[in-house]
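What follows is a short report on a single structure.
The values are calculated or read from the model by the stated rules, or taken from the named source; none is laboratory data. What you see is a predicted model, and the numbers here were worked out from it, not measured in a lab. Neighbour counts are summed over all protein chains in view; Cβ atoms, including those assigned to glycine, are modelled from backbone coordinates with ideal geometry. We work out accessible area using only protein heavy atoms, side chains counted, and drop any ligands, DNA or RNA first. Shrake-Rupley method; radii C 1.70, N 1.55, O 1.52, S 1.80 Å.
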Amino acid sequence: MSRTRTRTRTRTAAPFTVPLVVAGVLATTAAAAPAGATTPRPGPSLTCQGKGVDAKALVRARAETVIDASPATVWKLQTDVERWPDWQAHVTGVDRLDHGRFRPGSAFRWTTPIPPNPATPATSLDITSTVKQLKPNSCIRWTGPAVGEGLHIDGVHVWSFTKVRGGVLVRTEETHTGEQVDANVPFATEILQQGLDAWLADLKTAAEARSCPRR
């Protein structure tokens, strides 16, 4: 297992803004979702090269937004995982576990803090994500466990990128399974939804700030 670079930051993350796997799932209050992302109407699950989220998972959420930036800008931000801490406040460190281009089989380990709550003490959530499917500038699907003190969640996350009038339509869908989240599905789903909304809001802000005017 190789390691290309580590990026860490000391930062206090706000609860309920952590996507992928829950930093705030077991907290006791919920914050309003950031502006920008929207929850799409129920429909067929997102897929990447024919593979989607966990069909048996009880906890699932979807979100989408249009980003006024070039497809290349959006794709670069999303796949240059080592630089996530530069634009995602809830990500405190990322290690790429492989070399070269971001591709099927690429893996990365990233961390996010969890505030103390009645069920678990303050801790860090360590997430290991492995890319299973990828089509450049079109879609990504990764899976992996998230482990913290007294907490284990298995996540499946699908991303879709479509060039549209006005920029790039980014859609995402994610499922969680695990004893802690399955114990309170409505609340875990609400927190996951807020996490996806927050991720898209951060991606939109970062991409639009970096985007050059398009012809």
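At a glance:
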quantity: ³J(HN,Hα) computed for each position of the range 129-146 - Karplus, 6.51 cos²θ - 1.76 cosθ + 1.60, integer Hz, glycine/proline x; calculated: 10, 10, 6, 9, 9, 7, 10, x, 6, 10, 7, 9, 9, 10, 9, x, x, 10
quantity: Centroid-to-centroid separation of the range 164-187 and the range 53-69 [C-alpha atoms, Å]; calculated: 4
quantity: Amide H contacts under 5 Å for Ala61, placed H, 5+ residues apart; calculated: Glu174
quantity: Rounded FRET efficiency, nearest 0.05, which uses the C-beta distance separating Asp126 from Ala55 and R0 of 30 Å; calculated: 0.70
quantity: Long-range HN-HN contacts of Cys48 with modeled amide H, under 5 Å; calculated: none
quantity: With every protein chain in place, the range 40-104: carbon and sulfur % of accessible area (1.4 Å); calculated: 52
quantity: Partners for Lys163 among lysines (Cα-Cα distance below 22 Å; same-chain residues under 8 apart left out); calculated: Lys51, Lys76, Lys135, Lys204
quantity: Estimated inter-spin distance, His99 and Arg210, nm [label 7 Å along Cα→Cβ]; calculated: 2.4
quantity: Under 13 Å, Cβ to Cβ, from Ser160 - net charge with Lys/Arg +1 and Asp/Glu -1; calculated: +3
quantity: For the range 68-208: rounded, prolate or oblate by the Cα gyration tensor [a/c cutoff 1.5]; calculated: prolate
quantity: Amide H partners (placed H, <5 Å) of Lys132, local residues excluded; calculated: Gly105, Arg141, Trp142, Thr143
quantity: Where a label projected 7 Å from the Cα of Asn137 along Cα→Cβ would reach, residues of the range 147-185 with amide N under 20 Å; calculated: 159-172
quantity: Gain in span if fully extended, Val185 to Leu169, counting 0.36 nm per residue against the direct Cα distance; calculated: 2.9 nm
quantity: Local net charge near Gly148, Cβ-Cβ under 15 Å (Lys/Arg +1, Asp/Glu -1); calculated: -3
